[in-house]
1. Answer yes or no: is there a residue in the range 247-256 that is farther than 30 Å from LEU14 by Cα, among the charged types (D, E, K, R), loosely packed, with under 15 Cβ neighbours inside 10 Å and touching a Gly at 6+ places or on another chain (Cβ under 6 Å).
2. Here is a list: ALA240, ALA244. Which entry is under 17 Å from PRO163 (Cα atoms), surrounded by fewer than 23 Cβ atoms within 10 Å (Cβ to Cβ) and at pLDDT 95 or above?
3. Can VAL37 be described as under 20 Å from SER268 (Cβ atoms), outside any helix (DSSP H, G or I), outside the structural domain of ALA106 (by TED's automatic domain parsing) and in contact with a Ser or Thr (Cβ under 8 Å, 6 or more places away or on another chain)?
4. On the basis of being surrounded by fewer than 19 Cβ atoms within 10 Å (Cβ to Cβ) and farther than 22 Å from GLU269 by Cβ, does ALA168 make the cut?
5. All but one of (1) among the hydrophobic types (A, V, I, L, M, F, W, C); (2) surrounded by fewer than 16 Cβ atoms within 10 Å (Cβ to Cβ); (3) in contact with a strand residue (DSSP E or B) (Cβ under 8 Å, 6 or more places away or on another chain); (4) not in a loop (DSSP other than H, G, I, E, B) hold for ALA104, so report the exception by its number.
6. Scanning the range 118-135 for residues that are under 14 Å from the mean Cα position of the chain (by Cα) and buried (at least 24 other Cβ atoms within 10 Å of the Cβ), which turns out farthest from GLU46 (Cα to Cα)?
7. Restricted to the range 1-13, and to residues that are surrounded by 19 or more Cβ atoms within 10 Å (Cβ to Cβ) and hydrophobic (A, V, I, L, M, F, W, C), which residue is farthest from the chain's Cα centre (by Cα)?
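The values are calculated or read from the model by the stated rules, or taken from the named source; none is laboratory data. The structure presented is a predicted model; accordingly, all values stated were derived computationally and were not measured. Quick reminder, even Gly has a Cβ in these numbers, built from the backbone with ideal geometry, and neighbours come from all protein chains shown.
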Amino acid sequence: MCGIIGLHLRDPALHPVLGRLLDDMLGGVAERGPDSVGIAVYGDEERTPPGHAAVSVLRAPGDLAATVGGLLPGAPAVCAQAAGDTTVLTAPVAVDALVAAVSAAAPDALVVGSGTDLVVYKGAGHPRDLARTYGLRDVTGWQGLAHTRMATESAINPEGCHPYSVGADQCLVHNGSFSNHATVRRELQRRGTAFDSENDSEVGARFVAACLAEGDDLEKALLRLGETFDGFYTLLVTTADGFAVVRDEIACKPAVIAEHPRWVAMASEFRALADLPGIDEARIFEPDPGRVYTWQR
């Protein structure tokens, strides 16, 4: 069992309270996944300064920032901020350059997020405790999501947390199971895609990333996923300018969407949405089976 929340802010006046809103929403799904939580936030300029790339890393050695800085052209200053199991590195370079330098400097570390507008945190433990570790209530920005997990098929560790962020400024969270993920994985590997885990959700994330890299928009990418994957799922997918929700054709996994002129939100349970500002004025609905819902920044 898992819990999903996501919030896309349309009103810039709400950007300073993104973290507080997400933290309150997280409390509404904490019981669905008390084992671990992953969080992604977009647009926090303290955590990802303008003109900088950010890379989120698990199993980072203590001297990683200095080593990475020495590998980058011009040896720019690299900042490292640790929050529990996650270390976030930022530097005034391109995303691909920073990811490559991290991988070269620490081959045993795991990159779990990257972008120019995105920070990802992952850890095992109760969602409320980890939210404090990540400083969630202090987050600012325009978009965020979180995934709580009660492990059923894999170990309880930070590596197994969602979101899966396998493309720059891209995230996918998943409640459900893809039954043919091994077949899709083999096809992606045949095309040159590398994987970090055996998790079925990573296969979904890499499939969507491949579609986006081919030029698809979020709606088309998720429609292609529905045509390719078997199983049951609720997915929330975010990018540098998009927010999308889709359920499979049977729609056995829960999801509620609330749409307001100032924001769009989704959650596994309505109680996670109940305290959002203006919720009484929002359009609240359960997404239709198989239909892709998208919003753009």
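1. Checking the range 247-256: at least one residue is farther than 30 Å from LEU14 by Cα, among the charged types (D, E, K, R), loosely packed, with under 15 Cβ neighbours inside 10 Å and touching a Gly at 6+ places or on another chain (Cβ under 6 Å).
2. Details: ALA244 fails: surrounded by fewer than 23 Cβ atoms within 10 Å (Cβ to Cβ).
Within the list ALA240, ALA244, the selection yields ALA240.
3. Working: under 20 Å from SER268 (Cβ atoms): yes; outside any helix (DSSP H, G or I): yes; outside the structural domain of ALA106 (by TED's automatic domain parsing): yes; in contact with a Ser or Thr (Cβ under 8 Å, 6 or more places away or on another chain): yes.
It is true that VAL37 is under 20 Å from SER268 (Cβ atoms), outside any helix (DSSP H, G or I), outside the structural domain of ALA106 (by TED's automatic domain parsing) and in contact with a Ser or Thr (Cβ under 8 Å, 6 or more places away or on another chain).
4. Working: surrounded by fewer than 19 Cβ atoms within 10 Å (Cβ to Cβ): no; farther than 22 Å from GLU269 by Cβ: yes.
Here the answer is no, as ALA168 does not meet what is asked.
5. Failed condition: (3).
6. Step one: list which residues in the range 118-135 are under 14 Å from the mean Cα position of the chain (by Cα), which gives 118-123.
Now drop any that are not buried (at least 24 other Cβ atoms within 10 Å of the Cβ), which leaves 118-122.
Numbers: LEU118: 11, VAL119: 11, VAL120: 14, TYR121: 15, LYS122: 19 Å.
The selected residue is LYS122.
7. Of all residues in the range 1-13, those surrounded by 19 or more Cβ atoms within 10 Å (Cβ to Cβ) come to 2-9.
After this cut, where a residue has to be hydrophobic (A, V, I, L, M, F, W, C) as well, the list is 2, 4-5, 7, 9.
Working: CYS2: 14, ILE4: 10, ILE5: 10, LEU7: 12, LEU9: 16 Å.
Ranking the candidates gives LEU9 first.
Rundown of residues vs (1) more than 20 Å from LEU18 (Cβ to Cβ); (2) surrounded by 19 or more Cβ atoms within 10 Å (Cβ to Cβ); (3) touching a Leu at 6+ places or on another chain (Cβ under 6 Å), yes/no style:
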residue	(1), (2), (3)
GLU259	no, no, no
ALA267	no, yes, yes
PRO287	yes, no, no
VAL292	yes, yes, yes
